[in-house]
Amino acid sequence: MGKKNKKDKAIVDKAQNGIIPVEESALAVVDDTAKARLAAAVMTIKRSQAALRVNQFTIAITLKKVYDEELFKAGGFKNVYEFAQSEFDYKKASTNNMIRIATAFLDASDENKIKTIFAKGEIDFKFSQLAELLSIPVESAKQLVNSGKIDASTPVKDIREIVKGIKAQDKGVDADSTATAQGSENGEVNTAGSLESRQNANDGETEILRKENHELREENENLKSEIDNANDDIKNLTSEIAKALQNNETLTNENEILKRQIEDMVKQYQQAMNLANQLATENHHLKITIDGLQSALENTQERLNTEI
């Protein structure tokens, strides 16, 4: 690879890592069409990344505002997590991370240009990088940046490994803190200041946890009230069911009485029909008898008339 090609590649690499403005990288390789197109692509992606980063920071700051001012209550939500889940489909862990990042790492003094506390001009950390720093105190994160161990170009996986090392070291410091303090007069490192700074750095997160605990207590009280109301409803419903069963038993008894009365009426009707049939038969026989007597009377009358 020639010197010019090496120089152009170095410029493009720097542009990709955010070390020099993308416009400068584009101008530096404008004499080559493919390289100019690559520089334009770098510029487009960088601008899109910057816009995405700003949007994520804006969302985080806004969620923190909703959380701090308890604006979620105006929408009938119990907490900011229920609000974010309902309105934006954010999981509780994601919402919590955004609020913690806004609390620990974001500078919103200029609402039109939200940035991190580590920003250097236009070069700034990404949201995913900040998320990896949440598990250590803010002061420890600042020391990492100030010492040059990490910057905006450090890959997320590298930040994750560095943070793991710090956490492992902190565990050792916590275990040996007493011995370290006693040996400080002999030239050993005294970690009391470090522990104090870590405690101060955790104040923001402690306040978040305190509010979350308060919200959980309120939710428990509301749930207890709902359970009490449900128990009252169950008692009332049980009483109504008992009354309904009693009424049903009364109706069943009345139905039995009515059934027997109907059966008696049917029997009486059948008896009446039988009697009517019997009277009709007797009436028929009587009519035949009367007809016979009348015929005999007429025959007798005729004989008498003939004899006279």
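Within region 129-155, count every residue that is surrounded by 13 or more Cβ atoms within 10 Å (Cβ to Cβ) and not in a loop (DSSP other than H, G, I, E, B).
Qualifying residue count for the region: 13.
When the residues of region 86-119 are narrowed to those that are under 23 Å from the mean Cα position of the chain (by Cα) and among the aliphatic types (A, V, I, L, M), which ends up farthest from T62 (Cα to Cα)?
A93
Within region 58-82, how many residues turn out to be without any contact (Cβ under 8 Å) to a residue 24 or more places away in the chain and over 15 Å from T103 (Cβ atoms)?
10
Just to be sure before I move on: is S109 of a type in the set (S, T, N, Q) and either farther than 30 Å from S147 by Cα or surrounded by 14 or more Cβ atoms within 10 Å (Cβ to Cβ) (or both) in the structure I sent?
In short, no.
For V163, work out the one condition from (1) surrounded by fewer than 19 Cβ atoms within 10 Å (Cβ to Cβ); (2) part of a helix (DSSP H, G or I); (3) in contact (Cβ under 8 Å) with a residue 24 or more places away in the chain it doesn't fulfil.
The one condition V163 does not meet is (1).
We did not get these values from a lab; they are worked out from the coordinates using the rules stated. Bear in mind that the values here come from a model prediction, so they are computed numbers and not experimental data. Please note: Cβ atoms are built from the backbone with ideal geometry, for glycine as well, and neighbour counts cover all protein chains shown.
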